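Have a look at the structure below before the remarks.
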Amino acid sequence: MKAGIRILFALFALLASAGAFAATIALGPVGTVTPTANGATMALTGGGSLRIDFLDKAIIHVEVTPPNGRTLSTGATLPMAAAAGTAEVFQDSANVYLRQGNLSAIVVKNPMQVLLLRGDGSVISADLPGGAQWDSASGTIVAVKSARAGENFFGMGLAGGSIDRRGREMTMRNTDSAAYEEQTNPLYSSTPFFYGYNAGATYGLYFDSPAISVFDFAKRSPDLLTIAAVGGTLNYYVMAGPTPADVAQSFAALTGSTPRPPRWALGYLQAHFGYSSAAQVLSLANEFRSRQIPCDAFFLDLDYTDRLFTMSWNPSTFTDYVGFNSQMAGLGFQRVNILEPLVTVYDPLWAYAAGSGYLVKDPNGDPLISNIWMGDVSWFDFTKASSRDFFKSALKLFVSTGVSGLWADLNEPAANEMAYVVFDFDGQPRYEYTTRNIYALTEAAVLRDALAEAQPGLRPFIVSRSGFAGIQRYAANWSGDTNSSFESLRVQVQVAASMGLSGQNFFGADVGGFLGVPNAELFVRWLQFGAATPFLRNHSMNTSPLREPWRFGEPYTSVAKATIEWRYRLMPYLNSLFAQAEAKGAPVLAPTFFHFPADANTHAQSGEYMLGSALLVAPVVTEGAATRHLYLPAGATWLDYYTGASYTGGQQIDIAAPLQQLPMLVRAGSIIPMGPVRQYADQVVDDFLMLDVFPGANGSFTLSDDDGKTTQYRSGIERQTPLAWTETTASVQLAIGTATGSLAAASRPWWLQVRQWPTAPTRVVADGVTLAHVTSAAGLADAGGWMHDSTGRVLLIRLPGRQPPQTVRIDR
């Protein structure tokens, strides 16, 4: 592996120098051309081949195979249908021309050069002449493409720093990298996928290679984009866009979308490396309930195991583990157990797993033994069918003891140096440098299958430290072992935006930072940030003090409680965002660039992000700060979430940031559905739905309802209710469309809250019925009515009955 890395970086050094191409073989020229149903395959006279396919969702697949090369599968992509229409392929002495639908390609024969175009003739991606390079000695393969002046690059998964990656070199090599900093690279997971933005149009490029790879975004040469991998082929997919939303939808179709998580997984989740017994966890669970601080799950770290043995319970401290799980369930708590992809050499299971060939092997054919902080361990080989089957069978038995979900740890693998280790791949072995990046992906698929079989009909929950493109189909991710500092919090904001842009919608960071001891202010600011991300977990190292929300005393306990309660009130919005993510690939959380690409100021906006299309979130990442400076994207009007103050986009502002508030602004025209506070997500309470509307523009939203537990929504047992807000000078109207899906409508009151409404309306009408004006909220009953708070500039409307009307009109 180290040799492969040296070759890779040496190659980049050569590419940076004059005459670099002399050090490698330029693949090509193009010889025989064989049309296919949706593209063409071209033999290269110097050996190897070029293949181009036009696929559904405006995707072009390109694969350049060197002499005697073979495709190295990743398991990341899904089968894709061909593009609509008939492929046209023709050639002359200099070029090959391909077209299907609104996509086309031109291949210059000698020196070989691939250019991909949209139907309007705009160039999506262009190689340099002779830009497909190969080093026969090391197997390293390189693509050299044009990086146009003014072109920006976004994405690439788990990484801090500016969201615009231009001028940066990034390595894809899954690495256990604790206490990382803003520019640390590589990190725990790899997503070789980026958005390119140029001349008002966006495209995407996904490099489908499991090999360790490096992307040079115009760093070594200001006009070159270079991609190199230690082995395999140049196998990539280009998404034509032209909007970021189009690219996201194409990438989700190609690698899979994020399924709706169980509703409890969107709640507040508590963890600590050091919860040493069932009695301690039960005591803490009861304290959450007595303090009425919402919480949905406890994550059990290695403390629950018997001497670190895999899939075991400690017989002394978790004696009655079935009873423990039952008691926790009775209190409304799920249990998520950590699971390592390894077996220690002291585990009685090791000899059996080794003898059965279930473990990764060293070059001599013996089970590899790595020394990590857990001691000497060996790794299960999830690329081998028999190993997968054994692990899945054992895991199903373990889950049957009452486990709710799984926490996949150390799956980079955590031994960062595993030179020449052999993975089986069902008789087609590969070394570590073409396997490491997809190890967690192969494990997560096994875990997902085990949970699906052990808990039939339920939505599986898995959170993984490592991953690759496609991991979103199986698991959430978290950002690994972070420092407890305001600087680390600042970096986590960047990382979250990048992961959301890169297809992983279910992502978060350990509240307070995993390593170290946060002060009370840092804990609260990090909790506020976490409450506005998809995955909200409080977790800490076993050398850190306990960090439950009440540990810092007042006023911090009250602020923490209110923050968590807001998270639970936001559940209808979050659930709806995840429904959109699964259906359309729309990011739950994304940088402002995604929603406002035409505003060049968003291209470097890395300290704020959008939660859905409505909420602009500006976490406080500076100790002692009482205000927050930020940029408001142009093209929208923005309202302060707390005061309703209105701002025109395209300007820098300062807003108040007292300790008890997470600074947020809302795009005018947004509809944010809210619900009641619950102590856990599935608690039965007096339900209601509050549509929180921020006026100033027309807007729409689709409210998604489902049972929050099962996968029945995929069979249509759900409700999708379209909401539309329109404004005129005389009135405004909320239209509640006809719901689709077969789930019965919940019987609950519907409320409408309109922010920044300066004076009382002359009339409020629901389906033609004029609603009564009352002077206090206590007067708002099933018959419906409205009241106006002139001080807060809020109009509150109780819609009549327990089912919504079709229209609500507010006359100014």
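Anything in the stretch 425-459 that is out of contact with any strand residue (DSSP E or B) (no Cβ under 7 Å at 6 or more places or on another chain), at negative phi and without any contact (Cβ under 8 Å) to a residue 60 or more places away in the chain? List them, or say none.
Of everything in the stretch 425-459, those that are out of contact with any strand residue (DSSP E or B) (no Cβ under 7 Å at 6 or more places or on another chain), at negative phi and without any contact (Cβ under 8 Å) to a residue 60 or more places away in the chain turn out to be 428, 449, 450, 452, 454, 455, 456.
Suppose we keep only residues that are closer than 23 Å to residue 400 by Cα and of a type outside the set (A, V, I, L, M, F, W, C) within the stretch 428-452. Which one would you say is least open to solvent (accessible area, probe 1.4 Å)?
443
Please identify the pairs in which a residue from the stretch 643-660 that is of a type in the set (A, V, I, L, M, F, W, C) has its Cβ atom under 8 Å from the Cβ atom of a residue that is open to solvent by 90 Å² or more (accessible area, probe 1.4 Å) and not in a loop (DSSP other than H, G, I, E, B), counting only partners at least 6 apart or on another chain.
653/629
Output the residues belonging to the stretch 119-140 that are of a type in the set (A, V, I, L, M, F, W, C), within 17 Å of residue 23 (Cα to Cα) and in a strand (DSSP E or B).
Hits for the stretch 119-140 are 128, 132, 134.
Somewhere in the stretch 393-400, is a residue in contact (Cβ under 8 Å) with a residue 12 or more places away in the chain and touching a strand residue (DSSP E or B) at 6+ places or on another chain (Cβ under 7 Å)?
Taking every residue of the stretch 393-400 in turn, none turns out to be in contact (Cβ under 8 Å) with a residue 12 or more places away in the chain and touching a strand residue (DSSP E or B) at 6+ places or on another chain (Cβ under 7 Å).
Any residue in the stretch 36-62 that's of a type in the set (D, E, K, R): show its pairings with residues that are part of a strand (DSSP E or B) at Cβ separation under 6 Å, as long as the two are six or more apart or on different chains.
Qualifying pairs under 6 Å: 51/41; 51/63; 53/39; 53/61.
From the list 530, 553, 503, exactly one residue is open to solvent by 10 Å² or more (accessible area, probe 1.4 Å) and either in a helix (DSSP H, G or I) or more than 19 Å from residue 294 (Cα to Cα) (or both). Which is it?
503
Inspect the stretch 588-595 for any residue being closer than 25 Å to residue 527 by Cα and assigned to a loop (DSSP other than H, G, I, E, B) and give the result as yes or no.
Taking every residue of the stretch 588-595 in turn, at least one turns out to be closer than 25 Å to residue 527 by Cα and assigned to a loop (DSSP other than H, G, I, E, B).
Need at least 2 residues that are touching a Phe, Trp or Tyr at 6+ places or on another chain (Cβ under 9 Å), at negative phi and at pLDDT 95 or above per element, so show me which strands (runs of 3 or more DSSP E) inside the stretch 660-769 make the cut, counting only ones lying wholly within it.
664-667, 670-674, 689-694, 699-705, 719-727, 731-736, 750-754
Could you please give the count of residues in the stretch 271-299 that are closer than 17 Å to residue 514 by Cβ and in a helix (DSSP H, G or I)?
0
What are the residues in the stretch 313-327 that are touching a residue at least 60 places away in the same chain (Cβ under 8 Å) and either of a type outside the set (Gly, Ala, Ser) or part of a loop (DSSP other than H, G, I, E, B) (or both), if any?
313, 321, 322, 324, 325
Would you confirm, using the coordinates I've provided, whether residue 631 is aromatic (Phe, Trp, Tyr), under 27 Å from the mean Cα position of the chain (by Cα), more than 20 Å from residue 699 (Cα to Cα) and surrounded by 18 or more Cβ atoms within 10 Å (Cβ to Cβ)?
Against the criterion (aromatic (Phe, Trp, Tyr), under 27 Å from the mean Cα position of the chain (by Cα), more than 20 Å from residue 699 (Cα to Cα) and surrounded by 18 or more Cβ atoms within 10 Å (Cβ to Cβ)), residue 631 qualifies.
How many residues are open to solvent by less than 50 Å² (accessible area, probe 1.4 Å) and in contact with a Pro (Cβ under 9 Å, 6 or more places away or on another chain) when one looks only at the stretch 684-701?
Total meeting the criteria: 7.
Could you pull out the residue among 576, 613, 544 that is in a loop (DSSP other than H, G, I, E, B), open to solvent by less than 20 Å² (accessible area, probe 1.4 Å) and at pLDDT 95 or above?
544
Would you confirm, using the coordinates I've provided, whether residue 47 is at pLDDT below 95 and more than 25 Å from the chain's Cα centre (by Cα)?
no
Return yes when residue 480 is open to solvent by 10 Å² or more (accessible area, probe 1.4 Å), part of a loop (DSSP other than H, G, I, E, B) and either of a type outside the set (Lys, Arg) or in contact (Cβ under 8 Å) with a residue 12 or more places away in the chain (or both) and no when it is not.
No: the conditions fail for residue 480.
Residue 243: polar (S, T, N, Q), surrounded by 24 or more Cβ atoms within 10 Å (Cβ to Cβ) and more than 30 Å from residue 524 (Cβ to Cβ), yes or no?
No: the conditions fail for residue 243.
Just to verify a result, which residue in the stretch 395-426, among those that are of a type in the set (Gly, Ala, Ser) and surrounded by fewer than 16 Cβ atoms within 10 Å (Cβ to Cβ), is modelled with the highest pLDDT?
So, considering only residues that are of a type in the set (Gly, Ala, Ser) and surrounded by fewer than 16 Cβ atoms within 10 Å (Cβ to Cβ), the one modelled with the highest pLDDT is 400.
Can you find a residue in the stretch 253-264 that is small (Gly, Ala, Ser), surrounded by fewer than 23 Cβ atoms within 10 Å (Cβ to Cβ), part of a helix (DSSP H, G or I) and at pLDDT 95 or above?
Looking through the stretch 253-264, at least one residue is small (Gly, Ala, Ser), surrounded by fewer than 23 Cβ atoms within 10 Å (Cβ to Cβ), part of a helix (DSSP H, G or I) and at pLDDT 95 or above.
The values are calculated or read from the model by the stated rules, or taken from the named source; none is laboratory data. Since the model is a prediction, treat every value here as computed from it, not as a measurement. Methodologically, a virtual Cβ is constructed for each residue, glycine included, from the backbone with ideal geometry; neighbour enumeration extends over all protein chains shown. Protein only, heavy atoms only, side chains kept; ligands, DNA and RNA dropped before computing areas. Shrake-Rupley method; radii C 1.70, N 1.55, O 1.52, S 1.80 Å.
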